Amino acid sequence: MQPPPPPICISRVSRYSRMWRHFDVGLYRFLKNQVYIPLLSHQLPTVLAMLRNLATLFAVFGVVLAWHGIRTHYICWVSLSALELVMERLGSVLWRTKTSQEFRSSLGDVNTRRLMAVLMVATVIPGIFGVFFFLGVDGVGSAIFEKLIIQGVKDILSFNVLPMSTGFMILHMVFLGYFYNNVCMEFDEAPTTKKEAKQE
């Protein structure tokens, strides 16, 4: 019996599917083998398969909630994590379509990567705020979420983006998120490049 590897450094994870796979590998393997795969074992028509995938996601996160406890801040954390994973999956499906491939081909590799970094901001934000809910006690995550996201969007819509306003902070987070995603993608690609170099 071999113990699972140590967790990855969460400061360089922009895709939270990687977080769930590599932060607690033992938990991931348990959830995958005992909950996820058994629930997905039978072939179904497309619409039913999509519904089953959502139900399976709820089942997996239900086990996570049962482990951590059914408290408001954990429910919010799990909900944001599930939302992020669904957005990531939808993005992956759209990314593989023929139209998307043609569009990316016309953009070129560098601009495609820039576009991907911008789009990934939408998936990073739920993950970041999920951590506030997970690590904080009841009320902490909600207060931060309400102050930054709700008030920030209101400020942006009313063009209140002066320095030190909540709207400015949101735009600043999006700006930093773009660069953060580029760095994370570079880290994600680096091991692949090293492995390829060793194989040559």
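Just so you know, all these numbers are worked out from the coordinates, no wet-lab data involved. As the structure is a prediction and not an experimental result, all values here were calculated from the model. Every residue, glycine among them, receives a Cβ derived from its backbone with ideal geometry; neighbour counts consider all protein chains shown.
Summary table
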read-out: R0 of 35 Å, Cβ-Cβ distance Phe58-Asp188: FRET efficiency to nearest 0.05; value: 0.80
read-out: The chain: most fluctuating residue of Val140, Val47, Val153 per GNM, C-alpha cutoff 10 Å; value: Val47
read-out: 222 nm mean residue ellipticity, helices alone, for the chain (DSSP H n ≥ 4; -39,500 (n - 2.57); rounded to 500); value: -24000 deg cm²/dmol
read-out: For the chain: relative contact order, % (alpha-carbon pairs under 8 angstrom, 6 or more apart); value: 22 percent
read-out: The chain, Cα convex hull volume normalised per residue, Å³; value: 189 Å³
read-out: Largest-first ellipsoid semi-axes for segment 14-92, taking √(5λ) over the Cα gyration tensor eigenvalues, angstrom; value: 20, 15, 14
read-out: Ranked packing of 52-59, 74-81, most packed first, by mean Cβ within 10 Å; value: 74-81, 52-59
read-out: Theoretical FRET efficiency, 1/(1+(r/R0)^6), r = Cβ-Cβ of Ile37 and Phe103, R0 30 Å, to 0.05; value: 0.30
read-out: Qualifying aspartates and glutamates (Cα of each under 16 Å from Cα of Lys32; at least 8 residues distant if same chain); value: Asp24
read-out: R0 of 25 Å, Cβ-Cβ distance Leu135-Val174: FRET efficiency to nearest 0.05; value: 0.65
